[in-house]
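The values are calculated or read from the model by the stated rules, or taken from the named source; none is laboratory data. Predicted, not measured: the structure shown is a model, and the values here were computed from it. When we count neighbours, we look across all protein chains shown, and the Cβ atoms used for this are built from the backbone with ideal geometry, even at glycine. Side chains are part of the model used for accessible areas, which takes the heavy atoms of the whole protein and leaves out ligands, DNA and RNA. Shrake-Rupley method; radii C 1.70, N 1.55, O 1.52, S 1.80 Å.
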Amino acid sequence: MSIREKDFRGVDLNLLVTLAVLLRERSVSRAAASLHLGQPAVSGALARLRELFDDELLVRVPQGMAPTARALALQSQLTPLLEQLQTLLFAEPAFEPASATRAFALGMSDWVEIWLAPKLLPRLRALAPKLRVALETTDPFTGSAMLEQGRMELGVSVFVPGPAWQQTRTLRSMGFAVVYDPRQLPLSAPLSLDDYLAHEHALVSYRGARQGTADRALAERGLSRLVSHTASRFASLPPLLKALPLLATVPEALADEWAANHGLRASPPPLDLPPFTVSLIRHAASAGDPGLDWLEAQIIEIAGQ
């Protein structure tokens with residue numbers, strides 16, 4: 001459809017609403033009352049409408065006012081158009097999970113995916129069986145760019161502060177756990193600080209750094225640990241820990257899952273480590289998207305359990 005802008009010069013939407021009410025009421029006074037306007041204003045609008053359509057539209061008869069043939073033709077088409085416009089402008093957009101066929105792009109760092117996806121995806125399948133979810137890998141540093149480029153619609157991770165258009169919602173605060181394979185390291189939990197320092201460590205680093213939160217906490221006490229292995233993904237740690245006598249300090253949400261499914265042992269860290277915040281981010285332009293609002297609510301509920 002090609003819209004010719006010049007055709008709409010001089011057309012005021014309020015005029016069309018006034019016309020619809022006049023044709024319904026067939027009385028200037030009743031139309032004025034319905035529109036909460038004075039009779040002179042409605043009379044003036046009728047004069048403009050007559051000029052616009054080059055037609056009397058409403059003519060006086062003993063019983064009041066009668067529509068012309070042109071007015072009746074306009075009424076039959078104008079009323080449904082205004083109803084559609086009213087729905088478009090003011091009706092709350094709906095999202096019905098049970099029948100929705102939408103595809104979502106959901107970004108998660110790999111440890112968040114290990115933690116949340118096994119709980120979230122079955123929930124989505126039960127509530128919205130026709131939804132499709134693409135899990136995209138993100139990390140603390142790439143979240144804003146992925147949102148801006150449309151590579152994800154929602155992101156869940158530990159994120160660095162983003163631009164003003166990035167909406168950030170805190171999901172939960174979380175601490176750390178130390179995990180290891182008791183067959184490689186026959187140590188009792190909870191670990192002592194001496195045990196923690198006496199053995200080699202594996203570290204997950206998104207940018208190749210060889211120091212993390214634990215190293216900074218140790219340095220404040222004049223201590224250090226030996227990080228002998230670094231990895232780019234938490235998913236690589238369980239097989240590495242089962243193959244080598246290593247300790248790994250990881251988000252506590254992974255500890256129970258790895259103990260149950262990989263035979264690893266978990267211990268509280270033998271030093272005070274500050275908790276970190278897991279956040280959900282989205283683009284401000286997506287505000288009011290009922291589908292994303294619904295998905296966000298599901299993630300919030302799962303993350304809080």
(request) Search the structure for amide H atoms under 5 Å from the amide H of T68, placed 1.01 Å from N in the peptide plane, and list their residues when 5 or more places away or on another chain. (result) L57, L58, V59
(message) What is the angle, in °, between the Cα long axis of helix 253-262 and the longest principal axis of the Cα atoms in the chain? Nearest 10 is fine, range 0 to 90.
(response) 60 degrees
(message) Helix 290-304 against the longest principal axis of the chain: what's the angle in degrees, Cα atoms only, rounded to the nearest 10?
(response) 30 degrees
(message) Let me cross-check F276: its accessible surface, 1.4 Å probe, with only protein heavy atoms counted, in Å² to the nearest 10?
(response) 30 Å²
(message) Can you tell me which of L203, L35, L191 moves the most in a GNM of the chain? Springs connect C-alpha atoms under 10 Å apart.
(response) L35
(request) Enter the Cα centre distance for the pair segment 241-298 and segment 199-238, rounded to the nearest angstrom. (result) 17 Å
(request) Using Cα centres only, tell me the gap between segment 164-185 and segment 35-60 in whole Å. (result) 68 Å
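What ratio of Cα Rg to 2.2 N^0.38 Å holds for the chain?
Relative to the rule-of-thumb radius for its length, the chain sits at 1.66.
Using 0.36 nm per residue, how much length does the chain from A297 to R123 gain when fully extended, once their Cα-Cα distance is taken away? Can you show the working numbers first?
Values: separation 174, 0.36 × 174 = 62.64 nm, distance 1.19 nm.
Here the segment from A297 to R123 would lengthen by 61.5 nm.
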(message) Counting only other residues whose beta carbon sits under 11 Å from that of T137, what net charge do I get with K and R as +1, D and E as -1?
(response) -2
(request) Name the residue farthest towards the positive end of the dipole of the chain from the options L237, I114, Q39, assuming +1 on Cβ of Lys and Arg, -1 on Cβ of Asp and Glu, about the Cα centre. (result) Q39
(message) At R0 = 22 Å, how high is the FRET efficiency between E56 and L89 if r is their beta carbon distance? Nearest 0.05 is fine.
(response) 0.10
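Local charge sum around T68 (other residues, Cβ-Cβ under 14 Å, Lys/Arg +1, Asp/Glu -1)? Provide the component values of the computation, followed by the final result.
On the way: positive: R26, R50, R60, R70; negative: D54, D55, E56.
Net local charge, T68 excluded: +1.
Below 14 angstrom from the Cβ of V59, what's the summed charge of the other residues (Lys, Arg +1; Asp, Glu -1)?
On the way: positive: R26, R50, R60, R70; negative: D55, E56.
Result for the neighbourhood of V59: +2.
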(message) With a cut-off of 8 Å between alpha carbons and a minimum separation of six or more residues, what is the relative contact order of segment 180-305 in percent?
(response) 33 percent
(message) How tilted is helix 69-90 with respect to the longest principal axis of the chain? Cα atoms for both, answer in degrees (0 to 90, nearest 10).
(response) 20 degrees
(request) Could you calculate, for segment 121-190, the ratio of the Cα radius of gyration to the Kirkwood radius, expressed as Rg to Rh? (result) 1.14
(message) Compute a Gaussian network model of the chain, connecting alpha carbons closer than 10 Å, and tell me which residue from F53, F176, F104 fluctuates the most.
(response) F53
(request) Could you work out which residue, out of R282, R210, R26, moves most in a Gaussian network model of the chain, that is, has the largest mean-square fluctuation with Cα springs under 10 Å? (result) R26
(message) Taking 0.36 nm per residue of sequence separation and subtracting the Cα-Cα distance, how much length would be gained by fully extending the chain between A66 and H262, in nm to one decimal?
(response) 62.3 nm
